Structures are given as C-alpha cells and as structure tokens.
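Enquirer: Got a structure here, written out as structure tokens. Questions coming.
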Amino acid sequence: MADKTLSPGDIFSSVSATIAANSQVLGLYVLFFAIATSLADLLTFSVVSAAGSLLQFVLTVLDFLAQYLLIETMLKQARLSGGGTGRRYLAFLGLSILTSLGIALGLLLLIIPGLILAARWSLVYPLLIGGYADPMDCFAESNRLTKEHEVPIILAGLILIVPLAVIIGLLFAVGSDVGGVLLSTLIPNLLLQCVSVISLALPVALFALLGPQDEQLTEVFN
C-alpha cells in the first residue's frame, strides 16, 4: 500500500474488517462501559453524587486499561504484533496526553492543523503497543508512514466519527425533555462507546494498510 495512494474506501474496508474480526470483545466493551457510565451519570446527578463521581473515576482508569488491551488484542488478531518488551501502560498514558494536547492545540489554531496532526500521529498507539518503536520515536515513525496519506485519513476519520458525534450531542441536549433516562443517558452512552470503538479500530486498520508493507518497518519486524 506504500506505493499506492490510500483512499477513504480502503480505510473504511480495513476498519470494518478490524471491527468484524474483534466484534465479540468490542461488543462487550461497548455494553459494559455504556451501562456503567450511564449508572455513574445517574448517580452523579442524584443525591448520591459522591458515589457517582467515584464510579466515574474508576471507570476512567478501567477504560484507559481497556483501550490499551483492545488495541493489543486487535493487533494480535491481525498478526501485527511485533513482539515488544512487555506492556507499557505509562508510556501509553504519556503518548495519550501528548497527542491529545497537540491535537487540541492544533484544532484551536483554525482546526486544520489539529486534523493534520491527528492524521500524522494516527499510528503512534500501534507502534507503541505493538513494540515497534520507543515512545518518543513513535511520533516520527507515525509521521513518516502517514505523511503521504493525510487527506484520505482525515476524510475517513471525519466521515466515521462526526455524524455519530452530532447525534450524541443532540441526544444529550434534548433527551431529558423527550425520552427521559433512555434517550438522555443510555443511548448516548452506547453511541459514545461506538465512537470509542471506531477511534480504537482506526489506528489498527491504518497500521494494517501502511505499516507491514513498509520496508523500514519490516526490518524492525524481523
């Protein structure tokens, strides 16, 4: 794929295949965190708000661990694990903070720079979790692999995520007035977890398209 221009269709197909191949574990992730987050929301806005806040914190930690393990699972299922030096949760946390801050700052600067950074850094998690690069080298390697494909990556990401994000926002905004707890809490949280699944599957799907075919990365594999 490195010799061919990547298209949004290529990305959609790879994302669909990645999600389908891991549908059971991803489905469990969506159901567990949607239900648990809905419960935490209800507790937070009730007389036991302290319990809701505590549950939100616990779920944040669990979600962080789950995201790492899900990316690892998807890489292994696709035979894209490079046999690294064990799990690197702290490095994953550091990369998550750096990428989030960088992309958020870019989005504040007329949006486009943030989208470009999101595309250029889209492979940092597979590179780290798969054991192909040290934490700070992940940025440079991800940038090298994606720099010729940033436009289709941006388009695919927007098409996959923005419509769901808009629906979620509308449900959170009007759900309590229309359908009570179901529309205002559970359904938005289900959709929110679906967005999370897409966000986790997208880097793995891109790595399947751009990573193993690359000659320099193949040397690392071996």
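Enquirer: Counting other Cβ atoms within 10 Å, keep those with at most 15, restrict to DSSP loop, and tell me which trypsin sites (Lys or Arg not before Pro) in segment 85-129 are left.
Expert: Values: sites: Arg87, Arg88, Arg120; in loops: Arg87, Arg88.
Here the sparse-neighbourhood loop sites are Arg87.
Enquirer: A further question on this structure: Just in segment 1-91: which chymotrypsin sites (Phe, Trp or Tyr not before Pro) are loop by DSSP and have at most 16 other Cβ atoms within 10 Å?
Expert: Phe45
Enquirer: Roughly what % of Cα-Cα distances in segment 93-170 sit above 22 Å, to the whole percent?
Expert: 26 percent
Enquirer: What dipole magnitude, in Debye to the nearest 20, does segment 85-189 give about its Cα centre under +1 on Lys/Arg Cβ and -1 on Asp/Glu Cβ?
Expert: Dipole of segment 85-189, to the nearest 20 debye: 120 debye.
Enquirer: Please determine, in degrees from 0 to 90 and to the nearest 10, the orientation of helix 150-178 with respect to the longest principal axis defined by the Cα atoms of the chain, where the helix direction is its Cα long axis.
Expert: 0 degrees
Enquirer: Quick one: if you stick a label point 7 Å off each Cα along the C-beta vector at Lys76 and Phe32, how many nm between them?
Expert: In this crude label model, Lys76 to Phe32 measures out at 1.4 nm.
Enquirer: Among rounded, prolate and oblate, which fits the chain when a ≥ b ≥ c are the square roots of the eigenvalues of its C-alpha gyration tensor, a/c under 1.5 means rounded, and a/b larger than b/c means prolate? Could you put the intermediate results ahead of the total?
Expert: Values: a/c = 1.93, a/b = 1.64, b/c = 1.17.
Prolate, since a/c reaches 1.5 and a/b exceeds b/c.
Enquirer: So, one more: In whole percent, how big is the carbon plus sulfur part of the accessible area of the chain, probe 1.4 Å, protein atoms only?
Expert: Accessible surface attributable to carbon and sulfur in the chain totals 70 percent.
Enquirer: In addition: Tilt of helix 23-44 relative to the longest C-alpha principal axis of the chain, in degrees (0 to 90, nearest 10)?
Expert: 40 degrees
Enquirer: Using a 1.4 angstrom probe, figure out how much accessible area the chain has per residue, in square angstrom, rounded to the nearest whole.
Expert: Value for the chain: 52 Å² per residue.
Enquirer: Could you give the nm distance between label points at Val174 and Arg144, where each point is 7 Å from its Cα heading toward the beta carbon?
Expert: 5.0 nm
Enquirer: Considering only protein heavy atoms, with the full assembly of protein chains and a 1.4 angstrom probe, order Val58, Val15 by accessible area, largest first. Mind showing how you got there, number by number?
Expert: On the way: Val58 60, Val15 5 Å².
Result of the area sort, largest leading: Val58, Val15.
Enquirer: Treating the angle as unsigned and between 0 and 90°, give the value, to the nearest 10°, between the Cα long axis of helix 49-77 and the longest Cα principal axis of the chain.
Expert: Relative to the chain, helix 49-77 is tipped by roughly 30 degrees.
Enquirer: Right, another one. Have a look at Tyr89, Leu75, Val30 and report the one farthest towards the positive end of the charge dipole of the chain, computed about the Cα centre with Cβ charges (Lys/Arg +1, Asp/Glu -1).
Expert: Going by the Cα projections, it comes out as Val30.
The values are calculated or read from the model by the stated rules, or taken from the named source; none is laboratory data. What you are looking at is a predicted structure, and each value in this text was computed from that prediction instead of being measured. So basically every Cβ, Gly included, is an ideal-geometry build from the backbone, and we count neighbours across all protein chains shown. Heavy atoms of the whole protein, side chains included, go into the accessibility calculation; ligands, DNA and RNA do not. Shrake-Rupley method; radii C 1.70, N 1.55, O 1.52, S 1.80 Å.
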